[in-house]
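Report on the structure given below.
Just so it is clear, none of the values below were taken in a lab; they were calculated from the coordinates. Everything numeric in this text was worked out from a predicted model, so none of it was measured. Note that each Cβ is placed from the backbone with ideal geometry, even for glycine, and that neighbours are counted across all protein chains shown.
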Amino acid sequence: MSLQALADRLDALLPQTQCTRCGYAGCRPYATAMASGAAPPNRCPPGGPSTLAALATVLGCAALPLDPACGSFAPPRIAVIDEAACIGCAKCLPACPVDAIVGARKQLHTVITTQCNGCELCIAPCPVDCITMTDTGAALLDAQQLAADAIRHRRHYAAHEARQVRREAQRTAALAARTERLRGSTP
Ligand code: SF4
Ligand code: SF4
Ligand code: SF4
């Protein structure tokens, strides 16, 4: 099997929260590192024991206990913003890999609960610590639920990436148009 095909198989097993707790920039980079032998299959806390076992099976090695340096297993959680404390700084917005936070500068921000994947990446940028995590009430890392959630998280992340590409293209086009206008106004 090619390295790419192996990385695809491993990536398909990962929860797709893009939380970076594995020490990589997201699920795909971690899958690539495992496929090349650069990372062991025990660095994904959101995946729970069933995901770690499945990764080891694909790699043909024994399952390892979760590396405690990456965190610990926990039930699925979502972010909640204390709207009374939010100062509308918008610093949490770019941190979210699925655009689950809505708000604009100097306005209250809130989390779209059906979109939040529990990655916790919005917590550190908040200057007033008004984002907390709360249990969803779902079962502790149930394998079937994890698989269903991963499909949803992958879709939201792909939509986020597509929006980023569109925004970048718009920025580049606006800059090119401005440069053209400035050239045209130069005698
Ligand atoms: S969900 Fe797992 S593989 Fe994906 S970024 Fe988080 S720790 Fe890494
Ligand atoms: S709202 Fe926060 S915890 Fe939820 S997906 Fe976005 S960054 Fe992650
Ligand atoms: S970073 Fe915190 S204070 Fe700033 S908009 Fe987000 S939730 Fe509100």
If packing is taken as the mean number of other Cβ atoms within 10 Å per residue, what is the order of 106-116, 63-73, highest first?
106-116, 63-73
As I understand it, the dipole of the stretch 63-117 uses +1 on the Cβ of Lys and Arg and -1 on the Cβ of Asp and Glu, about the Cα centre. Which of Asn117, Pro75, Leu93 lies farthest toward its positive end?
Leu93
Using θ = phi - 60° and the Karplus form 6.51 cos²θ - 1.76 cosθ + 1.60, what ³J(HN,Hα) does each residue of the stretch 125-134 get, whole Hz, x for Gly and Pro?
x, 6, x, 10, 6, 9, 10, 10, 9, 10
Could you list which residues have their amide H under 5 Å from that of Leu121, counting only those 5 or more apart in sequence or on another chain, with H placed in the peptide plane?
none
Using only Cα atoms, tell me the angle between helix 3-13 and the longest principal axis of the chain; keep it within 0 to 90° and round to the nearest 10.
90
Compute the angle between helix 143-185 and the longest alpha-carbon principal axis of the chain, please, reported from 0 to 90 degrees and rounded to the nearest 10.
20
Using the 4.7 Å Cβ rule, please list in number order the cysteines from the chain without any candidate partner.
Cys22, Cys27, Cys44, Cys61, Cys70, Cys86, Cys89, Cys96, Cys116, Cys126, Cys130
Relative contact order, percent, of the stretch 77-136 when contacts are C-alpha pairs under 8 Å separated by at least 6 residues?
48
With an 8 Å cut-off on Cα pairs and a minimum separation of 6 or more residues, tell me the relative contact order of the chain in percent.
21
Taking the alpha carbon gyration tensor of the chain, what are the square roots of 5 times its eigenvalues, largest first, to the nearest whole Å?
34, 24, 13
Against the longest principal axis of the chain, how steep is helix 48-59, in degrees 0 to 90 to the nearest 10, with axes from Cα atoms?
80
Net charge over other residues, Cβ less than 11 angstrom from the Cβ of Gly88 (K, R count +1; D, E count -1)
+2
Taking the alpha-carbon centroid of each part, what is the distance from the stretch 143-187 to the stretch 63-101 in angstrom?
22
